[in-house]
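J.: Here's a structure for you.
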Amino acid sequence: MKTGKGILMFFYVFSFFFLLTAMSPIQATAAVKAKFDVNKMADMSGFDPNNFPNPTGDTIKIAIVATFSGPAAAVGEGFWLYATWAAYDINKRGGLMVDGKKKLIQLFKADTMSRPDQAKKICEQMVLQEGVKFLWGADGSHIVKIMNQTANKYKVIAVNMISLSEDLQDAKNFSPYAFMSWWQTSQVGRSFAYYFGQRKKEKKFYIMCQDYVFGHEMAENFKKGLKEYYPEAQIVGEDFHKLFATDYAPYITKIKASGAEVIYTGDWDPDATNLLKQSRAMGLKLPFAHIYMGNPATLASLGVEATTGLLIGSPYSNGNPAFKTPEQIKYHKTMMDAYKRFKPPYNKMDYMLGWDPLAMEFSWLLSVIERAGSVDAEKIIKTWEGDTYEYVNGHVKTMRACDHNTIQETYILEYVPPDQQRQSFNIPPYHWSDKSALYGPAFRVPAEKVLPWMDPNLERCKGKKPSDIN
């Protein structure tokens, strides 16, 4: 992504993903080196993201690089929740053993204001003045590039945990100090293409994306994926609209006349919400294949019928049902108990079903620090390259050593009415939402079908295959 506002939809979408089971052959052959252990969690009854007891002194210093002010301030709000949740747990346990002693996690808000110049300024301030050893963010690939450049210059670690652009880890931009722990646009497009190629229910697709780099990457990777996994499919239309458009009627009219059976989109809010609402208002009932069209307030306002059949891609889900072990139920209940105590702004619908995916992203970093036994960047790199970590829901991620991209299986989830959501949400009240359609069937895409792109020009990757972990 190229703008901070786009990241807002992650808060709506991935707060729901607590789905389980099944590893791909690639994941299964890579022994899990560490996992999140619910039974070791601290008492979280005092957790309050508005009042995080931030330690000082000889600590492990981590900067949360995000937009904390301006129109996209909700980005930083969410990032702070994810990081403080994981840090609070570790600090309550007494910290991590690094460099021969137990140290607590200290967090810093690195407000980029969604501006490249401010991002450069604040990242350098974090490293040079605050002594931060880790930069964790960031909302927008253009900001991530600056964060990664700062890490490379000062030999600290940068973690991109949410931006999807492929060029962040290419030969031009790669840094041994930067890691990409989420997924790429190529993995999104190929995941949907593989799903539709196996399903063979729909054949005609219309692409509708925002008119900037991210939108075009999303479109191109879906088309490449169809050529690979579903060559008989047809693209019956393709449009790119300006960011923050208000009138989608001309596009919707074209889609209705195209004979399309599915609309593929990379739109994020407010475009995702406006496109969905206007489509339904104009009588367009086709399913959207998306990754950001999950705002719970929007879905509830449209109701069950209008949201049934939507298809969302996930880099975190791990099959049905959602809760297979007492530990997973315990973790979910712990989050829900915390949510009931939240004060504004954290008591809104965005977080009502949990925030574990990105909290797990932060936990992976903390696990690497603990196992490296140091905050020294070279020791972190050595530990993280080729690392395999299991999240609370059983999802496994592997950090490919040569380019620091993450290998993982993905899922396509179908929105179904409340009475069918039990196949996923298998504990009371047996539905994710009673006001809209939400997660039902979960289709697994094996990791080897959606390996992250590897730049053949990156010297570290010469002679390696995309499936090579080390």
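J.: When you go through H431, H404 one by one, which is the residue that is out of contact with any Ser or Thr (no Cβ under 6 Å at 6 or more places or on another chain), under 28 Å from A297 (Cα atoms) and not acidic (D, E)?
T.: Residue meeting the stated conditions: H431.
J.: Looking only at residues in region 217-246 that are touching a helix residue (DSSP H, G or I) at 6+ places or on another chain (Cβ under 8 Å) and in a loop (DSSP other than H, G, I, E, B), which one is farthest from T185 (Cα to Cα)?
T.: Looking at the filtered set, the residue picked out is T246.
J.: Please note which strands (runs of 3 or more DSSP E) are completely contained in region 39-144 and include at least 3 residues that are under 21 Å from Y346 (Cα atoms).
T.: Those strands (runs of 3 or more DSSP E) span 60-66, 105-111.
J.: Still on this structure, please answer the following. Restricting attention to region 289-306, does a residue exist that is more than 26 Å from the chain's Cα centre (by Cα) and within 25 Å of P71 (Cβ to Cβ)?
T.: no
J.: Answer yes or no: is there a residue in region 166-179 that is of a type in the set (D, E), part of a helix (DSSP H, G or I), within 20 Å of the chain's Cα centre (by Cα) and surrounded by fewer than 24 Cβ atoms within 10 Å (Cβ to Cβ).
T.: yes
J.: Right, next: Can you name every residue in region 292-313 that is at pLDDT below 95 and farther than 16 Å from S433 by Cβ? Steps first, answer last, please.
T.: Applying the first criterion (at pLDDT below 95) to region 292-313 yields 292-301.
Hit for region 292-313 is Y292, nothing else.
J.: If I ask for residues that are touching a residue at least 40 places away in the same chain (Cβ under 8 Å) and under 22 Å from K200 (Cα atoms), which ones from region 234-285 would you list?
T.: Within region 234-285, I255, S258, G259, A260, E261, V262, I263, Y264, T265, G266 meet the criteria.
J.: Let me ask another. Quick one: which of A193, A233 is surrounded by 18 or more Cβ atoms within 10 Å (Cβ to Cβ) and either charged (D, E, K, R) or farther than 16 Å from L310 by Cα (or both)?
T.: Only one candidate passes the filter, namely A233.
J.: Given the criterion assigned to a loop (DSSP other than H, G, I, E, B) and touching a strand residue (DSSP E or B) at 6+ places or on another chain (Cβ under 7 Å), identify the matching residue among W453, W432.
T.: After applying the criteria, what remains is W432.
J.: OK, next. Collect the residues in region 379-427 that are assigned to a helix (DSSP H, G or I) and either of a type outside the set (A, V, I, L, M, F, W, C) or surrounded by fewer than 21 Cβ atoms within 10 Å (Cβ to Cβ) (or both), keeping them in residue-number order.
T.: The answer is K379, I381, K382, T383, P418, D419, Q420, Q421, R422, Q423.
J.: I need the full set of residues from region 331-349 which are out of contact with any Asp or Glu (no Cβ under 9 Å at 6 or more places or on another chain) and touching a residue at least 60 places away in the same chain (Cβ under 8 Å), in order please. Even if it seems obvious, please write down each step before you answer.
T.: First pass over region 331-349, keeping only residues out of contact with any Asp or Glu (no Cβ under 9 Å at 6 or more places or on another chain): 333-334, 336-337, 339-340, 344, 347-349.
If the condition is that a residue be out of contact with any Asp or Glu (no Cβ under 9 Å at 6 or more places or on another chain) and touching a residue at least 60 places away in the same chain (Cβ under 8 Å), then T334, D337 are the ones that fit.
J.: Moving on. When only residues in region 314-364 that are touching a strand residue (DSSP E or B) at 6+ places or on another chain (Cβ under 9 Å), over 19 Å from W80 (Cα atoms) and of a type in the set (S, T, N, Q) count, which is modelled with the lowest pLDDT?
T.: Across region 314-364, the extreme among qualifying residues is N318.
J.: Kindly indicate whether any position in region 180-196 is out of contact with any Phe, Trp or Tyr (no Cβ under 7 Å at 6 or more places or on another chain) and part of a loop (DSSP other than H, G, I, E, B).
T.: Yes - at least one qualifying residue is present in region 180-196.
J.: Go through region 435-450 and give me each residue that's under 15 Å from G313 (Cα atoms) and in a loop (DSSP other than H, G, I, E, B).
T.: Here is the first cut: in region 435-450, the ones under 15 Å from G313 (Cα atoms) are 438-447, 449-450.
P446, V450, listed by residue number.
J.: Of all residues being among the acidic types (D, E) and modelled with pLDDT of 95 or more in region 94-123, which is nearest to Q149 (Cα to Cα)? Just the residue, please.
T.: D117
J.: Related question: Can you pull out every residue in region 269-299 that is assigned to a loop (DSSP other than H, G, I, E, B) and closer than 20 Å to S317 by Cα?
T.: Those that are assigned to a loop (DSSP other than H, G, I, E, B) and closer than 20 Å to S317 by Cα: I291, Y292, M293, G294, N295.
J.: Could you please find all residues in region 81-110 being surrounded by 20 or more Cβ atoms within 10 Å (Cβ to Cβ), under 21 Å from G70 (Cα atoms) and not hydrophobic (A, V, I, L, M, F, W, C)?
T.: Correct list: Y82 only.
J.: Does at least one position in region 84-97 carry a residue that is out of contact with any Leu (no Cβ under 7 Å at 6 or more places or on another chain) and either β-branched (V, I, T) or not assigned by TED's automatic domain parsing to the domain that holds A338 (or both)?
T.: No, region 84-97 contains no residue that is out of contact with any Leu (no Cβ under 7 Å at 6 or more places or on another chain) and either β-branched (V, I, T) or not assigned by TED's automatic domain parsing to the domain that holds A338 (or both).
J.: Contact list please: Cβ distance under 8 Å, first residue in region 105-116 and in the same structural domain as G76 (by TED's automatic domain parsing), second residue at pLDDT 95 or above and among the basic types (K, R), pairs at least six apart or on different chains.
T.: Note: pairs meeting the criteria are Q106/K61; F108/K61.
The values are calculated or read from the model by the stated rules, or taken from the named source; none is laboratory data. Worth saying up front: this structure is predicted, and the values here are computed from it rather than measured. Every residue, glycine among them, receives a Cβ derived from its backbone with ideal geometry; neighbour counts consider all protein chains shown.
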